[in-house]
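Notes follow once the structure below has been shown.
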Amino acid sequence: MTVARHDSYASLRLPNYRWFVLSLLAMTVATQIRGVVVAWQIYSITKDPLSLGLIGLAEALPFVSLALYAGHLADRHDRRRIMLLTLVVLLGCAAALLGMTLRGERAIWPFYVVIFASGIARSFLMPSRTAFGAELVPRDLYPNAVAWRSSSWQFAAVVGPAAGGLLYGFGGPAVAYMVDAALMLVAILMLLRVRHPPRSVAVDTGAGVRQSLAEGIRWVRSQPVILGAMTLDLFSVLFGGATALLPIFADDILHAGPEGLGILRAAPAAGAVTMSLIVAHARPMRRAGRALLVNVGLFGACMIGFGLSRSFLLSLILLAASGMVDTVSVVVRSTLLQVLTPDALLGRVSAVNAIFIGSSNEIGEFESGVAARLLGAARSVVLGGMATLAVVGATAWRVPELRRLRELR
């Protein structure tokens with residue numbers, strides 16, 4: 001008997017998937033540049049930690065409110081067309097920020113309006129993107145495709161924040177927003193290169209929308225492994241994330257300036273790229289559930305260390321390590337989602353997952369801002385990391401199916 005040779009680049013050999021990944025790469029670099037520049041602009045005006053938390057809240061409110069309906073649309077309409085429309089909206093957001101910067105806008109609320117609009121676009125983009133990516137590869141290549149998609153996203157998340165900080169520091173925010181808009185246009189052009197026949201979709205009436213959404217939610221609730229993985233991600237990042245507070249650490253604690261902020265923002269993604277490449281070249285995990293729990297626990301430990309650190313180099317190392325361990329949970333959760341979910345439900349289930357992710361990231365940023373105002377930035381990050389460790393223990397105890405999960409197929 002001969003053992004089939006593992007092809008680490010199998011999904012990337014498919015032209016449609018390559019164009020899809022390149023579009024994701026350009027879009028992510030653009031949004032990461034925007035995130036660094038907007039956060040630094042707002043904090044430089046207000047010097048208030050809560051103003052950073054409100055960035056996350058402004059994006060989370062429309063995102064969470066519309067994500068389920070966006071998943072319904074992703075299962076009923078052309079997913080590629082939905083993605084193109086949302087990218088056009090995100091391009092408009094970049095243009096709006098550029099216009100505000102050129103006219104010297106000092107009021108804060110227009111920035112939040114643009115962030116709110118981008119949250120609406122992201123709510124429709126994420127479920128369509130996840131489901132569309134699954135259409136482009138055979139089912140047996142899902143783990144490989146997820147690993148490469150994750151590594152591409154994380155590579156962009158390294159380049160984007162670093163570029164954002166450097167562009168802001170040496171060229172100013174207007175130059176950064178110009179690059180943001182240009183990259184978003186590239187993302188649209190790359191997605192147009194994907195030549196994939198449209199799916200045959202069922203036509204649904206307005207009365208069937210509620211039933212359609214309920215069907216997706218019921219399916220997730222019936223899958224303890226997927227629900228447990230989503231819940232673990234929700235609460236670990238909700239409590240343990242420190243991204244929103246990085247301008248405070250860069251300015252007031254580590255004294256690194258906007259260039260240092262860009263490097264700090266890029267560090268988790270740099271670690272994530274390294275781990276994603278390792279996962280992409282490795283064979284499937286034999287004990288995926290245990291790996292998920294252990295790595296989320298390590299993420300919490302990294303956050304505790306980051307909150308205590310007063311060294312820029314040590315903080316950089318801890319953030320990079322947090323990105324490495326976080327990647328394992330991303331790959332396991334994303335692969336579970338695509339392997340276990342029927343294609344007809346993938347848009348709606350992806351929307352439920354997007355709500356968990358959106359809640360943990362954007363609402364987590366708001367929670368971080370509130371906690372930093374009440375407790376101080378460093379103390380809030382340390383306590384958040386401790387809460388993450390508690391969540392890992394509770395999940396391992398309450399969801400034994402996740403703890404016993406073995407190879408992903």
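The values are calculated or read from the model by the stated rules, or taken from the named source; none is laboratory data. Since the structure is predicted, the reported quantities are computational estimates derived from the model, not experimental observations. Virtual Cβ from ideal backbone geometry, glycine too; neighbours counted across all protein chains shown.
Is there any pair linking a residue in segment 29-41 that is under 12 Å from residue 153 (Cβ atoms) to one that is assigned to a helix (DSSP H, G or I) and of a type in the set (S, T, N, Q), with Cβ under 9 Å and at least six apart or on different chains, and which?
31/118
Taking the condition in a helix (DSSP H, G or I), crowded, with 24+ Cβ neighbours inside 10 Å and more than 17 Å from the chain's Cα centre (by Cα), does residue 164 pass? Even if it seems obvious, please write down each step before you answer.
Numbers: in a helix (DSSP H, G or I): yes; crowded, with 24+ Cβ neighbours inside 10 Å: yes; more than 17 Å from the chain's Cα centre (by Cα): yes.
Taking the combined requirement at face value, the residue satisfies it.
Given the conditions (1) modelled with pLDDT under 85; (2) assigned to a helix (DSSP H, G or I); (3) surrounded by fewer than 20 Cβ atoms within 10 Å (Cβ to Cβ); (4) not aromatic (Phe, Trp, Tyr), and given that residue 189 satisfies all but one, which numbered condition is not satisfied?
Going through (1) modelled with pLDDT under 85; (2) assigned to a helix (DSSP H, G or I); (3) surrounded by fewer than 20 Cβ atoms within 10 Å (Cβ to Cβ); (4) not aromatic (Phe, Trp, Tyr) one by one, residue 189 breaks only (1).
Limited to segment 215-241, what total is found for residues that are of a type in the set (S, T, N, Q), at pLDDT 75 or above and within 20 Å of residue 303 (Cβ to Cβ)? I'd like the intermediate steps shown before the answer.
Going through segment 215-241, the residues of a type in the set (S, T, N, Q) turn out to be 222-223, 231, 236.
Checking which are at pLDDT 75 or above leaves us with 222-223, 231.
From what is left, the residues that are within 20 Å of residue 303 (Cβ to Cβ) are 231.
Of the residues in segment 215-241, 1 are of a type in the set (S, T, N, Q), at pLDDT 75 or above and within 20 Å of residue 303 (Cβ to Cβ).
With the requirement that a residue be of a type outside the set (A, V, I, L, M), within 18 Å of the chain's Cα centre (by Cα) and surrounded by fewer than 22 Cβ atoms within 10 Å (Cβ to Cβ), what does segment 219-234 give you? It would help to see each step written out before you state the result.
Within segment 219-234, the first condition is being of a type outside the set (A, V, I, L, M), and the residues that meet it are 219, 221-224, 228, 231, 233.
Pick out the ones that are also within 18 Å of the chain's Cα centre (by Cα) and you get 231, 233.
Hit for segment 219-234 is 231, nothing else.
Any idea which of (1) of a type outside the set (Val, Ile, Thr); (2) within 28 Å of residue 349 (Cβ to Cβ); (3) touching a Phe, Trp or Tyr at 6+ places or on another chain (Cβ under 7 Å) is the one residue 78 doesn't satisfy?
Result: residue 78 passes all but (3).
Please determine, by comparing only the residues of segment 314-329 that are of a type in the set (Val, Ile, Thr) and within 16 Å of the chain's Cα centre (by Cα), which one is surrounded by the most Cβ atoms within 10 Å (Cβ to Cβ). Step through it out loud before you land on a result.
First pass over segment 314-329, keeping only residues of a type in the set (Val, Ile, Thr): 317, 325, 327-328.
From the residues that got through so far, the ones that are within 16 Å of the chain's Cα centre (by Cα) too are 325, 327-328.
Details: 325: 22, 327: 28, 328: 24.
Here the residue is 327.
Give all pairs with beta carbons closer than 9 Å in which a residue from segment 275-301 that is closer than 20 Å to residue 155 by Cβ meets a residue that is modelled with pLDDT under 75 and acidic (Asp, Glu); count only pairs at least 6 apart in sequence or on separate chains.
Within 9 Å, no pair qualifies.
Could you figure out which of (1) touching a Leu at 6+ places or on another chain (Cβ under 8 Å); (2) in contact (Cβ under 8 Å) with a residue 60 or more places away in the chain; (3) in a helix (DSSP H, G or I); (4) surrounded by fewer than 24 Cβ atoms within 10 Å (Cβ to Cβ) isn't true of residue 130?
(4)
Please return the ranges of helices (runs of 4 or more DSSP H) entirely within segment 1-103 where 1 or more residues are hydroxyl-bearing (Ser, Thr, Tyr), buried (at least 17 other Cβ atoms within 10 Å of the Cβ) and under 18 Å from the mean Cα position of the chain (by Cα).
15-46, 79-102
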